[in-house]
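Dropping the structure in here first, questions after.
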Amino acid sequence: MKVFGIGLPRTGTTTLMHAGHQIGLRGSTYNATAFYRNIESSRKKLAMEQIFKYIRLNSIFQDLPFPMMYQSLTMKYPKAYFILTTRKDPTTWFQSLERNAQAKKDVLHIRYLRKLVYGHEMPDQDNWKDFIDKYMQHNHQVKQWFAVNPHLKFIELCWENGDGWDKLCSFLGKEIPQVPFPHKNASKK
C-alpha cells in the first residue's frame, strides 16, 4: 500500500504521517532539499532514482516533493491512495506558514524550498497574496486532476473541520486504532 499526502506544508501533513504510523504504515519526511537541488542540476536522473527507491522502501509520504509530483505519482502508482490535506481557510494556512517561517527564518534549506515552491523565501504581509494564490492554485489543480481521473483513489481531509480516524481509515480500508487521533505539529495561535 502506498499513501501519498499531497497537501502543501502546514496543512496537517505531520499529523497525516503520525496517523499513518498508528495504522501500520511506514514512512518519514523525505530530504526535499537534496531532491530539488539534484533536480535543478545535472543529477536529475539520480534524484528521481533516489526518490523512487525511497518510495519502494516506505508506504506513506508527505511534504515536499510529493505535493509537486502528484500527477506523475498517479501515473507510476495508479493503485496508490492520494490525500489532499487542507486548512479550514487560506488565511489560517498562511498565518501558520508565516509563524513557522519566522521560527525557522535562519534555516537556509527551508528558505530555499519556499523560494522554489512559492516564489519567495519568506512569507510576510508584502507577499501574502502570492502565497495564498499558490495554495489555492495547488488545491484547485489537485482536485481537477482527480475529478478527471475518477479511477484514482483520492480524498481531501481537513483536521480542523473534524476529519480524523473515521474518514481516514474508511478511505484506506483500515481499522480505527483505539488511540486518540494524533494532532501533531499544530500551530500555536
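Only the coordinates and a few stated rules stand behind these numbers; no lab work does. Here the structure is a predicted model, which is why all the values come from computation and not from measurement. Ideal geometry is used to build each Cβ from the backbone, glycine not excepted, and the neighbour counts take in all protein chains shown.
Of V148, V142, V117, which residue is over 23 Å from M17 (Cα atoms) and β-branched (V, I, T)?
V148
Sticking with this structure for a sec: For region 65-127, which fully contained helices (runs of 4 or more DSSP H) count at least 2 residues that are out of contact with any Asp or Glu (no Cβ under 7 Å at 6 or more places or on another chain) and farther than 26 Å from W159 by Cα?
Values: elements: 70-76, 90-103, 108-118.
In region 65-127, 70-76, 108-118 are the helices (runs of 4 or more DSSP H) which contain 2 or more residues that are out of contact with any Asp or Glu (no Cβ under 7 Å at 6 or more places or on another chain) and farther than 26 Å from W159 by Cα.
Being touching a residue at least 12 places away in the same chain (Cβ under 8 Å), farther than 27 Å from I39 by Cα and among the basic types (K, R) narrows it down to one residue among K105, K134, K153, K143; which is it?
Just one listed residue meets the conditions, K153.
When residues of region 1-29 are filtered for being free of Cβ contacts under 8 Å to residues at least 60 places away in the same chain, surrounded by fewer than 19 Cβ atoms within 10 Å (Cβ to Cβ) and not in a loop (DSSP other than H, G, I, E, B), how many remain?
1
How many residues are part of a loop (DSSP other than H, G, I, E, B) and in contact (Cβ under 8 Å) with a residue 12 or more places away in the chain when one looks only at region 30-48?
Of the residues in region 30-48, 1 are part of a loop (DSSP other than H, G, I, E, B) and in contact (Cβ under 8 Å) with a residue 12 or more places away in the chain.
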